[in-house]
């Protein structure tokens, strides 16, 4: 729960862990009804707390992961599971799409590459591998839309969510005809444009009885989590870059404009019909740190930070591609894998970790430089996500690699806060999503003497990538 001052109201929160179904073939899926039940379960204790405190909220805001897709039959029942962006079984279908349409041209329109992370490849894969379920689907939607279908009896979609589908022409603010024509689907199987972003207010009877305090107030359609993270961390304008490092990572800027040019290597989605979200996504962030801690004989967190702080940039002599989970930005090679060169008998575990953290920072630098070419230098780079903020040494490495001051964001739930701010703007509780500043920590300044070292390290990393993956 958030107040109209933009601050989280203490004591009103709920967290329900869940496990998706994964497979060695690259599957990552979960039943739509199961995930709906988990979401509903998460709301129960908060509603109970509000009831006992006699609090009635003004609106409900939702964020969820971008790029999900599922099929729904005419009776409103899901005929496929929810396919997550991490599901990579459609890799060959993405290659087939690249033979049907020009990847560069469609990227310049949709802001999405032909990659198994995105719905177009998944839709083609489903049509080939699960033809009965594919034919049974009369509607295709994200999980956020399906959640509304369950709660209200009607699916509701936001511009933010559809904009990250790979089927949306960002500058036209409409479905992309060429991508639709390349797939065995029809425009009518997706959310109607004239109904997008409209809230629902009347819960179905069973949920109205379950949550009376949430019935009769506006529920806004789910927004993309990345867009909300930008807003919640104070990066709602083009001169503030959001740097997020959780398990994965991303760097994004929110741009209010009539149109935008999308550089190769970056993604472009939308927050709403007036604001674009431009940036890059990394499949590897905090998971690299976690892999090193599991695999190497490293000390406890306090000693680890002390040792990291004593190391000089590049002194390890290693070049690393930290692509343990494949690659999204900037090369979008799903088959890319991690590599380490320069190992010697004298190389220590702490040096391998240090080089890995630098390597992740250098991949962010690749994204950062592309964003500079499109948007210009930012006034601020604001960092969020536990993967980075739990390590002051890594935050310093990131500032030095980018050659820019990094300001840690202290908001514990920047993404939820961003969704709440958008809802506040829409109900008129605040004038603009940028009016309420987030809580920030002391800035971490870049050491200018390290610029040349990291510039050379960036070039070494790029050369290794070319040798291994540029075919």
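Odds and ends about this structure:
- Matching entry among 243, 278, 282 (being touching a residue at least 24 places away in the same chain (Cβ under 8 Å), in contact with a strand residue (DSSP E or B) (Cβ under 9 Å, 6 or more places away or on another chain) and within 28 Å of residue 191 (Cα to Cα)): 278
- Condition check for residue 261: surrounded by fewer than 18 Cβ atoms within 10 Å (Cβ to Cβ), closer than 29 Å to residue 234 by Cα and touching a helix residue (DSSP H, G or I) at 6+ places or on another chain (Cβ under 8 Å): yes
- Some residue of the range 298-318 being within 26 Å of residue 92 (Cβ to Cβ), in the same structural domain as residue 458 (by TED's automatic domain parsing) and surrounded by 14 or more Cβ atoms within 10 Å (Cβ to Cβ): no
- In the condition set (1) over 18 Å from the mean Cα position of the chain (by Cα); (2) touching a residue at least 24 places away in the same chain (Cβ under 8 Å), residue 383 is compliant with all but (1).
- The lone exception for residue 341 - which of (1) under 29 Å from the mean Cα position of the chain (by Cα); (2) surrounded by fewer than 19 Cβ atoms within 10 Å (Cβ to Cβ) it fails: (1)
- Restricting 280, 326 to residues that are crowded, with 20+ Cβ neighbours inside 10 Å, in the same structural domain as residue 460 (by TED's automatic domain parsing) and at pLDDT below 95 narrows the list to 326.
- Out of 264, 290, sole residue that is over 14 Å from the mean Cα position of the chain (by Cα), in a helix (DSSP H, G or I) and over 18 Å from residue 229 (Cα atoms): 290
- Residues located in the range 10-49, provided they are out of contact with any helix residue (DSSP H, G or I) (no Cβ under 6 Å at 6 or more places or on another chain), surrounded by 14 or more Cβ atoms within 10 Å (Cβ to Cβ) and assigned to a loop (DSSP other than H, G, I, E, B): 13, 20, 26, 27, 31
- Taking helices (runs of 4 or more DSSP H) as the structural unit, those lying wholly within the range 174-249 and holding at least 3 residues that are within 15 Å of the chain's Cα centre (by Cα) and modelled with pLDDT of 95 or more correspond to 225-232.
- Number of residues in the range 141-170 that are under 23 Å from residue 255 (Cβ atoms), touching a residue at least 40 places away in the same chain (Cβ under 8 Å) and out of contact with any helix residue (DSSP H, G or I) (no Cβ under 7 Å at 6 or more places or on another chain): the value is 4.
- Test result for residue 306, farther than 24 Å from residue 248 by Cβ and assigned to a helix (DSSP H, G or I): yes
- The single condition from (1) buried (at least 21 other Cβ atoms within 10 Å of the Cβ); (2) part of a helix (DSSP H, G or I) that residue 407 fails is (2).
- Being out of contact with any strand residue (DSSP E or B) (no Cβ under 8 Å at 6 or more places or on another chain), at pLDDT 95 or above and assigned to a helix (DSSP H, G or I) is not true of residue 109.
- Residues that are in a helix (DSSP H, G or I) and either in contact with a strand residue (DSSP E or B) (Cβ under 9 Å, 6 or more places away or on another chain) or surrounded by fewer than 16 Cβ atoms within 10 Å (Cβ to Cβ) (or both), drawn from the range 428-461: 448, 449, 451, 452, 455, 456, 457, 459, 460, 461
- Selection of the range 214-241 for residues being out of contact with any helix residue (DSSP H, G or I) (no Cβ under 6 Å at 6 or more places or on another chain) and closer than 20 Å to residue 438 by Cβ yields 226, 230, 234, 235, 236, 237, 239, 240, 241.
- One residue stands out in the range 132-171 among those that are surrounded by fewer than 22 Cβ atoms within 10 Å (Cβ to Cβ) and under 29 Å from residue 333 (Cβ atoms): the one that is farthest from the chain's Cα centre (by Cα), namely 134.
- Selection within the range 63-83 - surrounded by 20 or more Cβ atoms within 10 Å (Cβ to Cβ), part of a loop (DSSP other than H, G, I, E, B) and touching a residue at least 60 places away in the same chain (Cβ under 8 Å): 66, 67, 68, 81
- For residue 273: the one exception among (1) in a loop (DSSP other than H, G, I, E, B); (2) out of contact with any strand residue (DSSP E or B) (no Cβ under 9 Å at 6 or more places or on another chain); (3) modelled with pLDDT under 95: (3)
The values are calculated or read from the model by the stated rules, or taken from the named source; none is laboratory data. It should be emphasised that the depicted structure is a prediction, and the values quoted were computed from it without experimental measurement. In this analysis, Cβ positions are derived from the backbone assuming ideal geometry, glycine residues included, and neighbour counts consider all displayed protein chains.
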